[in-house]
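Below is one structure, written out as structure tokens; comments come after it.
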Amino acid sequence: MTAHKSGDPTTLNRLYGRQSGHKLRVAQQELVETLLPAISVPDEGDVTATSLFGTDRTLHFEIGFGGGEHLAGRADMLPDHGFIGCEPFLNGVVTALAHVRDKALGNVRLHMGDALEVLARIPDGSLSFVYLLHPDPWPKARHAKRRMMNPGPVAMIARKLKPGGEFRFGTDHPVYLRWALMVMNGHPDFDWLASDPKDFLNRPGGWTETRYEAKARSLGHEVWYFRYRRR
């Protein structure tokens, strides 16, 4: 599967990672066959609030939503907003579909695949929030180019956000933390919304905990939360 390409060598140009895990149960397979097509992002054309939801509304975008806990939690809190979630891992998509069904979330659209491909089709300045929570850290130095937090993807995120829009990033991996801070430090398009350590050591209000985050905490990992405002 191919991601959005760019001349920037730090931009991802392919999707890394596995796409399936354990075999789906019958009920899960039914969700994939019935609900997923009904709420999938179209494969072609501009991706806008109106094209997805029929009306203009505040638009959120989550990159790699895992099991969809955060995506569903935010969508449930903000029913008048629109949410786009992208995740390549089939079992994560299935879990998110169950959240959408159980909470009757009509304001969620999903894409099983490359987030950058969908992000590239969103008109510049359209998004109010972008979320990148606990991405694969690719901890080895030779794999650094595979990280989503790289100048190319971050520049695309900046273009898609409205002025004053917010980019939220979370991780429990110290290598990824240092890398992300290096990428974001002094970024010309973002202001870091932090004045003291409590602003990135405590989960902000409205930031739904994911299963991954809960597991990290149970293992004794520290979790860091970052909020950046688009200039």
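We did not get these values from a lab; they are worked out from the coordinates using the rules stated. A quick note: this is a predicted structure, and the numbers were derived from the prediction, not measured. Glycine gets a Cβ as well: all are built from the backbone with ideal geometry, and neighbour counts include every protein chain shown.
A few notes on this one:
- Mean Cβ neighbour count within 10 Å, used as a protection proxy, ranking 122-134, 191-203 highest first: 122-134, 191-203
- Packing-based ranking of 142-150, 82-90 yields 82-90, 142-150, ordered from highest to lowest mean Cβ neighbour count within 10 Å.
- Proximal lysines to LYS198, defined as alpha-carbon separation beneath 24 angstrom and excluding residues fewer than eight positions away on the same chain: LYS215
- Beta bridges per DSSP, both residues in the range 33-230: antiparallel share near 30 percent.
- Total charge dipole magnitude, the chain, about the Cα centre, Cβ charges on Lys, Arg, Asp, Glu only, Debye to nearest 20: 640 debye
- 12 Å Cα-Cα reach of LYS103 towards aspartates and glutamates, excluding residues that sit fewer than 8 places from it in its own chain: GLU69, ASP76
- Normalised size of the range 33-230, defined as Cα radius of gyration per 2.2 N^0.38 Å with N residues, equals 0.98.
- Overall, the anisotropy analysis places the range 39-108 in the oblate class: the square-rooted eigenvalues a ≥ b ≥ c of its C-alpha gyration tensor yield a/c not less than 1.5, with a/b not exceeding b/c.
- Estimated from helical segments only, the mean residue ellipticity of the chain at 222 nm is -10000 deg cm²/dmol, where each DSSP H run of four or more residues counts as -39500 (n - 2.57).
- Taking other C-beta atoms within 10 angstrom as a stand-in for reagent exposure, GLU117, GLU62, GLU44 fall in the order GLU44, GLU117, GLU62, fewest first.
- Under a 5 Å amide H cut-off, with hydrogens placed 1.01 Å from N, THR171 pairs with HIS134, TRP224 among residues at least 5 apart or on other chains.
- Dipole-positive endmost among GLY92, TYR131, PRO153 within the chain (Cβ charges, Cα centre): PRO153
- Counting only lysines at least 8 places from LYS162 when in the same chain, those with an alpha carbon closer than 26 Å to its own are LYS5.
- Neighbourhood charge, 15 Å Cβ-Cβ cut-off, centred on MET182 and excluding it, Lys, Arg +1 and Asp, Glu -1: +3
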